[in-house]
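Presented below is the structure to which this report refers.
Nothing in this text is a laboratory measurement; each read-out follows from the coordinates by a stated rule. Because the structure is predicted, anything quoted here is derived from the model rather than measured. Please note: Cβ atoms are built from the backbone with ideal geometry, for glycine as well, and neighbour counts cover all protein chains shown.
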Amino acid sequence: MCLHPGRSLLNKPNPQPMKDPERQAFFISLSRLHCPIDHPHISKSITVCRLLVIGIFKALPLFQRLSRSDQEILINKQIKIVGILLKCFNAIRLKSTTLIGTDGLTSIDILSAQPKFRENKHLMHLAEKAYCKVVEPFLQMVPVIEEDEFSILMAILCASGYTSSHLSKHARILLQTESELYAKMLLNHCQIRFGDAEGASRFAKCMHLIECAHIFNRNNDLFNTYMEAFYQQRITKQIPEYLVKVV
């Protein structure tokens with residue numbers, strides 16, 4: 001599972017940071033739209049993130065042992081939370097205290113571009129909990145979480161979807177078994193790197209990131225619900241049909 005900073009999981013170059021003129025033009029055009037995700041750059045970024053998450057699932061051996069139906073159910077259940085963890089890791093690599101893309105755009109900046117959002121203090125508070133607080137647990141990791149640790153952690157999170165009652169019995173058993181296997185793998189990796197006691201502590205801190213991801217996933221749901229209720233902003237929670245075809 002390659003997480004090279006210059007390239008995506010699809011082995012394509014990541015978007016480069018926007019230069020000032022391009023950035024200014026982006027925010028001017030964004031401020032004129034009713035819905036931020038209608039902007040071509042943002043809709044493309046969302047699609048790319050979803051493709052990255054699908055790529056992560058497809059890179060796991062366990063995924064090929066699931067039926068097509070179970071594959072779709074698992075991805076739909078986990079795509080957002082896996083995406084959150086992936087964005088947090090990218091933020092840490094870019095030394096950012098908030099979720100940020102390789103293009104240099106933060107979620108908070110995008111939201112603040114429109115006065116109707118920026119002037120709503122409650123909305124901005126929800127946004128801060130969804131997009132800024134989520135990075136804090138990663139910032140507290142010393143030393144910073146490294147690529148091998150994160151790759152195993154992502155595998156654990158992907159497999160943790162076994163709690164879905166919509167999955168077949170075979171899928172739930174397989175995913176639970178694989179989740180436990182990856183957890184043991186992470187513990188072993190941490191203890192080899194830090195020693196028995198420190199390694200166990202490091203393992204607990206890594207697993208805490210998954211707990212935090214679930215909390216911030218709920219915060220993100222609250223933010224999305226508010227946006228839908230008060231601003232009629234359409235938030236797609238399910239993976240679109242055109243992306244299902246690449247699974």
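Where does the charge balance sit around Arg118 when Lys and Arg score +1, Asp and Glu -1, over other residues with C-beta under 15 Å from its C-beta? It works out to a net charge of 0. Spin-label pair Cys35-Ala204: with each label point 7 Å from Cα along the Cα-Cβ axis, the two points sit 4.5 nm from one another. When both segment 110-154 and segment 177-209 are represented by their alpha-carbon centers, they are found 24 Å apart. A straight chain from Ala25 to Ile192 at 0.36 nm per residue would run longer than the Cα-Cα distance by 55.2 nm. Measure nothing but the geometry: give the 0 to 90° angle between the long axis through the Cα atoms of 121-131 and the longest principal axis through the Cα atoms of the chain, rounded to 10°. Tilt of helix 121-131: around 30 degrees.
Which angle from 0 to 90°, rounded to the nearest 10, does the C-alpha axis of helix 196-231 make with the longest principal axis of the chain? That helix lies at roughly 30 degrees to the long axis. Principal-axis analysis of the Cα atoms of the chain puts helix 20-31 at an angle of about 80° to the longest axis. Counting charges near Leu66 (Lys, Arg +1; Asp, Glu -1) among other residues having Cβ under 13 Å from its Cβ returns a value of +3. The convex hull around the C-alpha trace of the chain, projected and averaged over every direction, spans 13.6 square nanometres. Counting every pair of alpha carbons in segment 43-149, the share spaced more than 16 Å apart comes to 65 percent.
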